[in-house]
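Asks: Below is the structure I would like to discuss, written out as structure tokens.
The values are calculated or read from the model by the stated rules, or taken from the named source; none is laboratory data. None of the values given here were measured: they were computed from a predicted structure. Neighbour counts run over all protein chains shown; Cβ positions are idealised from the backbone, glycine included.
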Amino acid sequence: MFPGGSAVMLRRVSSQIGRLLFRRTFRNLQQTCTEALFSTSSMSAEAVRARAGSPIKVSLTDSAGRGVFTTRSIGSGELIHTAKPLVTHPSLALSDQVCCYCLKKLDKDGSSGSFSSLKGEDGTSYCFCSEECRDVSKACCEVESKADWSLYHDHCRAQGLKYPLMVKRFACMVISGAASADDLGILQPARLLPGAVSQMDEEFELLKRTLLKAQIDENVGKFVLISVDSFSTIAKRNSSLTILVLTKQWYMGVLARIRINAFRVELVATSYKDLLVSATASVAAQAAVGNALYMLPSFYNHDCDPNTHIVWIDSAFAKLKALRHIEEDEELRICYLDASMDCDARQKLLSEGFGFQCRCFRCLSHD
């Protein structure tokens, strides 16, 4: 159990709205407190709301670190909880066709068209489907729209990259004050191979140069961007100045966490028209409307025969549903890839993409 003072601090953190993450203070607690620290009561406001309305808790597993468990039995098909994204970015080809925040498709006929839009220095459109989405993203998008991202986007297109786009979005969130530089520190980072690290150099330099050239409107707030050869990332803010010390280590740390925790968002087709569009998009490798990063869903571990499914109906607001009856205290697991692939293909993708060898029943049986 926590001492009385720590318990009070945890309750205060869990009640804060909008941060959705642990603060740096709690990362210095002793390892003996780990299981209690990662209980739902000490997590984000969103996680607490999910816990209150859904039968789940976050605890330590025997072999896979943190995981999500049930506190009562769950019926097949039951909605376990929903989740709003922390960071999103639309596919570059769809930036003017989906909401900048929730990735909802915007109908060209105007029936659910853009609530408002913003045009960036490079011609990029920042569209919103509702006033709520606009308000959530306004500060970040106003910062992002002041920069010319054409070279950065061209590089990502040429290399088929999607996660550097999310790092860009998160950096703009930090600059705008919508997030803190260390807000993703709680998430598990991917293991970066030496070859992957060297490939990040060009992306980091492009990001740094683009931000350095940007002119920020006085209504958004001025910022100073400094590249230093230091491991630490410093973000300080007062009423008139935001200072972000952007280091290569910061970039690599954020990218490593996004790579292993981000979800590819593919919306459920709700009409015959959507089915046709989806089929065409799949052929063109554009089936996904974008990528999203979440808090609670990031704690779900993998299984090739999952008991839980994450689904997106018409936006990046995720729904976690039970695929079968789940017993009390059973761990909830999702599948990180296409479960219909053969065992060797699954193992290869999980090893290269997520850094682990799956030892679920299907894989041990070579199913």
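Asks: Among the numbered conditions (1) under 29 Å from Thr247 (Cβ atoms); (2) under 21 Å from the mean Cα position of the chain (by Cα), tell me where Asp135 comes up short.
Replies: Going through the list (1) under 29 Å from Thr247 (Cβ atoms); (2) under 21 Å from the mean Cα position of the chain (by Cα), Asp135 breaks only (1).
Asks: Please work out which one of (1) at pLDDT below 90; (2) in a strand (DSSP E or B) is the condition Val68 fails and give its number.
Replies: If we test Val68 against (1) at pLDDT below 90; (2) in a strand (DSSP E or B), just (1) comes out false.
Asks: Quick one: Arg359 ticks every box in (1) among the basic types (Lys, Arg); (2) surrounded by fewer than 15 Cβ atoms within 10 Å (Cβ to Cβ); (3) under 17 Å from the mean Cα position of the chain (by Cα) except a single one, so which number is it?
Replies: (3)
Asks: While we're here: Looking for something free of Cβ contacts under 8 Å to residues at least 24 places away in the same chain, among the polar types (S, T, N, Q) and more than 21 Å from Cys127 (Cα to Cα) - is there at least one such residue anywhere in the stretch 183-203?
Replies: yes
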